[in-house]
Amino acid sequence: MEILRTVAELRSWSRSARSAAGNNVGLVPTMGALHDGHASLIRASHAACSNVVVSIFVNPTQFGPNEDYARYPRSFDADCALAEAEGANVIFAPSVEELYPTGATTFVEVEGLGNLLDGASRPGHFRGVASVVAKLLIAAEPDQAFFGQKDAAQVAVIRRMVTDLRLATEIVVCPIVRDPDGLALSSRNVYLTPAERSLALTLSRAIREIESLTAAGERHSATLLEATRKIFSSVPEIRVDYMALVDWATLKPVGFAAPGTIFAIAVLVGPTRLIDNTILT
Ligand code: AMP
């Protein structure tokens, strides 16, 4: 497995990888601190593409001024070992200067979506995400790029951007990987104390509640959200940032849950922000 540091190297690797007949390239963008959720994306990419590049880049522009950029977990050697074991051919690990050359002023703004859900509580977050993903897609020119449903609003923003910019990459979304007790895997779970970790299970309890109510035929957003609010009202240690039933493409609230609706939730457990969601069928 090769480790590439520059956009020029990545572009030339990707072009030569795709030059042989029948070959294609899959990209898995990550911020490192890889876990089984990331592994599932790399496996999906390996299954679909003859060449797989995993990018590892803690993107400064998607963090707010008081967020955890400096202390975000970094474990490069372990990440390389995991990526290689799951079938990655290349790690792309650029410096900040490589992706944001001195004086960089060009950003991608997905208007109308970028300020909803996480974008509402983390101003500028999706501008940073869209910008870095655009840079990665332009550099790697992948046939497919793999993202987790875990970051459902991010998926909506990226799909919109890829459509709007007419990028040639197909966006593939992979299911949420959870610990056996239901907690969605996240690089930020390492911040949780044991007590916070058990409080965090309230998220997956809320998800299961929505899934069972909708399976039983309940469709009214107000009723569904009332049920999950009740769950959180019994756990005052958790601050709910947002809890919403939205259309997955527009991220706008819906009055009735229908196919294409997601239940999305973000909370603060102590200082740690956690997100989760489920797609309603
Ligand atoms: P991150 O390194 O947190 O930026 O995540 C990189 C990619 O991994 C994103 O597309 C995430 O949605 C995805 N991902 C993170 N956690 C999970 C999970 N528990 N299950 C599936 N995909 C995930």
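The values are calculated or read from the model by the stated rules, or taken from the named source; none is laboratory data. The model shown is predicted, which means the values in this text are computed figures rather than measured ones. Positions of Cβ are backbone-derived with ideal geometry, glycine not excepted, and every protein chain shown enters the neighbour counts. In case anyone asks, the SASA skips ligands and DNA or RNA and just uses the protein heavy atoms, side chains included. Shrake-Rupley method; radii C 1.70, N 1.55, O 1.52, S 1.80 Å.
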Hey, Ser186 crowded, with 17+ Cβ neighbours inside 10 Å, within 19 Å of the chain's Cα centre (by Cα), closer than 30 Å to Asp164 by Cα and of a type in the set (S, T, N, Q) or not: yes
Any hit, region 36-45, residues being within 16 Å of the ligand (Cβ to nearest atom) and farther than 20 Å from Pro142 by Cβ: yes
Check on Arg5, closer than 30 Å to Thr106 by Cβ, touching a residue at least 60 places away in the same chain (Cβ under 8 Å), of a type in the set (Lys, Arg) and surrounded by fewer than 21 Cβ atoms within 10 Å (Cβ to Cβ): yes
Filter pass, Arg160 being within 17 Å of Thr250 (Cβ to Cβ), in a helix (DSSP H, G or I), touching a helix residue (DSSP H, G or I) at 6+ places or on another chain (Cβ under 9 Å) and open to solvent by 20 Å² or more (accessible area, probe 1.4 Å): yes
Out of Ala88, Ala21, Ala81, sole residue that is over 26 Å from Leu274 (Cβ atoms), more than 14 Å from the ligand (Cβ to nearest atom), modelled with pLDDT of 95 or more and among the small types (Gly, Ala, Ser): Ala81
Of all residues making up region 167-206, the number that are of a type in the set (A, V, I, L, M), closer than 16 Å to Ser234 by Cβ and within 16 Å of the ligand (Cβ to nearest atom): 3
